[in-house]
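Read the structure below first, then the notes.
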Amino acid sequence: MSRLPLVFLAGDAKVLKDEHVKGICEKKKVKRMKVSLEEKETAFNLLSQGGLFFTDVLLDITDFDDWKKDDQKKLLELVEKAKIDVIVRTEESVKAKDILVLALPKPWEHEKWTDYVSQRLKKHGISASRRLAELIFEKVGPNDELVEREIEKLACVTNQPTEELVEQIVSFHSRGDIEELCFKVSMGNFEEAHPLLSVILKNTEAVLVVSILARHFLDLYKLVLFLERQETYPWPVIKKASESLGIGLGRTAKFLGFSFKGGDKVLNHITLYDAEKLEKILDRLYWLDLVVKSTPTPNLAIHSFLDQVRQILGEGT
């Protein structure tokens, strides 16, 4: 089989890139040789020999963006003369004849991420509703490698998972701290919410935090409209509300004050909020979303929003 032209794999979809490289190796019946920055000299040596001894390998350059410019140039020059297949992975935009872009949705694009999770479930032979895909995304967050590991774990158990099974098996990951923040805010624990927000914003885009806060309060708004106000809710009612509104079972239970065994004590949010208060909060979230996308100080705007929620919660009490 003839040698491939040098192919650039651009974008941030690591799992899809892995699959693409694996597919090429299977089709051409060659062995993948992963090359990181520390192994660049091995790649130079192989390419310098022109592939005289190793024509049945494919060099997979996994972290090309981290290479020095001179080393990048040297690699590309050697590839032109070699007989070895080479794929270069990059997250930066490049000008090249043969380039394939495999990109993930933006962290705040929930619908597109749900589509992605649905596709990965199907890839692993798992029959699942869109709502179940949403639940997995809520628990794992916008990280394709973590999504893949959790789906693989799920596939080992069943190909027709229930929502309860997903709650038990799929772990919380990168967004667990933001989920914790959301509940601290909605339960009125602002003394802990402000410092937690400061920590989160050191490593997380402000627009993503606002997006998750908005989804949190929108789900709560749906529950307030759906349920009659009660001090406590039995499990069948919680489950029915979750299914009817498309809100994760664990989150619905937490909103309604149901504490799982060994879990943190939570408040019944229905006793804290009415539709009017939530409409005010959602209105401020709409404006907050616009502000964080245009201001040079988005972090300050989110802290200010927390103070606005405190004020709204205090109204009429």
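Computed values, structure above
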| item | result |
| --- | --- |
| Helix 176-186 vs. the chain, principal-axis angle (Cα, 0 to 90°, nearest 10) | 20 degrees |
| C-alpha center-to-center spacing [the stretch 193-239, the stretch 240-317] in angstrom | 4 Å |
| The chain, dipole about Cα centre (Lys/Arg Cβ +1, Asp/Glu Cβ -1), debye to the nearest 20 | 900 debye |
| Computed FRET value (nearest 0.05) for T297 with K83, which takes r as the C-beta separation and R₀ as 35 Å | 0.05 |
| Carbon/sulfur fraction of accessible area - the chain, other protein chains in place, 1.4 Å, % | 52 percent |
| Gain in span if fully extended, E231 to E39, counting 0.36 nm per residue against the direct Cα distance | 62.9 nm |
| D_trans [Stokes-Einstein, Kirkwood Rh over alpha-carbon pairs] for the stretch 62-145, 37 °C, 0.692 mPa s, µm² s⁻¹ | 208 µm²/s |
| Accessible area in square angstrom per residue, the chain, 1.4 angstrom probe | 53 Å² |
| Whole-number D in µm² s⁻¹ for the chain, Kirkwood Cα-pair radius fed into Stokes-Einstein, 25 °C, 0.890 mPa s | 109 µm²/s |
| Links that overshoot a 26 Å alpha carbon limit, given the list K31/K81; K40/K153; K153/K293; K184/K293; K184/K222 | K40/K153; K153/K293 |
| Net +/- balance of residues flanking Y273 in space, Cβ distance below 13 Å, scoring K and R +1, D and E -1 | -1 |
| Listed residues H303, H20 arranged by accessible area, highest first, probe 1.4 Å | H20, H303 |
| Surface accessible to a 1.4 Å probe, I84 within the full protein complex, Å² | 0 Å² |
| Debye log10 I(q)/I(0) at q = 0.17, 0.19 Å⁻¹ for the stretch 88-235, Cα point scatterers | -1.10, -1.24 |
| Label point distance in nm, D98-K265, each placed 7 Å from Cα along Cα→Cβ | 6.5 nm |
| Normalised per residue, the volume of the convex hull around the Cα set of the stretch 176-317 (Å³) | 109 Å³ |
| Sorted peptide list for 123-132, 217-226, criterion being average Cβ within 10 angstrom, highest first | 217-226, 123-132 |
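The values are calculated or read from the model by the stated rules, or taken from the named source; none is laboratory data. Because the structure is a prediction, the values reported are computed rather than measured. Every residue, glycine among them, receives a Cβ derived from its backbone with ideal geometry; neighbour counts consider all protein chains shown. Just so you know, the surface numbers come from the protein's heavy atoms only, side chains and all, with ligands and any DNA or RNA stripped out. Shrake-Rupley method; radii C 1.70, N 1.55, O 1.52, S 1.80 Å.
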